[in-house]
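Below is one structure; the comments refer to it alone.
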Amino acid sequence: MRGMKYVLAAASAVFFLAAAPQSHAQVTVGINIGPPPACPYGYYDYAPYNCAPYGYYGPEWFNGGVFIGAGKWFHGPANFHGNVNNRFDPQHGYKGALPGHGPAQVHPDNFKSFKGNESRDGRGHTR
């Protein structure tokens with residue numbers, strides 16, 4: 001009888017362990033910065049990354065009419081710099097209208113009237 005007691009104890013242990021739900025540990029490491037905002041003329045290169053008006057960025061910031069990026073989404077070369085017109089920057093007193101969010105557009109005047117007065121590196125740094 002003594003041996004049967006151990007066999008029943010072992011069988012019970014196996015039964016309860018098999019019936020127990022498995023727990024899966026999951027460890028995730030990473031930073032999700034999200035997609036860049038959809039702004040027709042690009043977005044300012046500092047938080048909160050609002051849409052910039054037409055005329056703020058020069059032609060080197062666009063490829064085929066599509067804004068190539070600034071701020072935390074910019075993945076261009078380390079020595080990239082482009083011209084901006086900081087008169088259209090709220091940090092420099094701009095109070096005008098900002099465009100709504102939406103798809104990128106090819107600018108009809110092809111930047112012929114752009115007048116840059118500051119050079120930026122895409123990460124908010126002035127050169």
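Taken together, the values in this text are just the output of simple stated rules run on the coordinates, not laboratory data. These numbers were taken from a predicted model, which means no experiment stands behind them. In this analysis, Cβ positions are derived from the backbone assuming ideal geometry, glycine residues included, and neighbour counts consider all displayed protein chains.
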For HIS101, placing the label point 7 angstrom along Cα-to-beta-carbon and taking segment 45-67, residues whose amide nitrogen sits under 18 Å are 45-54, 67
If the cut-off is a Cα-Cα distance under 12 Å, which aspartates and glutamates reach LYS115, setting aside same-chain residues fewer than 8 apart in sequence? none
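Can you work out the FRET efficiency for the pair PHE111 and ALA38, with r the C-beta to C-beta distance and R0 = 22 Å, to the nearest 0.05? Don't jump to the answer; show the numbers that get you there.
Numbers: r = 20 Å, r/R0 = 0.93.
After rounding, the FRET efficiency stands at 0.60.
From the P(r) of segment 37-127, could you give the percentage of C-alpha pairs in the tail past 23 Å? Intermediate values should be presented prior to the final figure.
Details: 490 of 4095 pairs.
Of the Cα pairs, 12 percent sit more than 23 Å apart.
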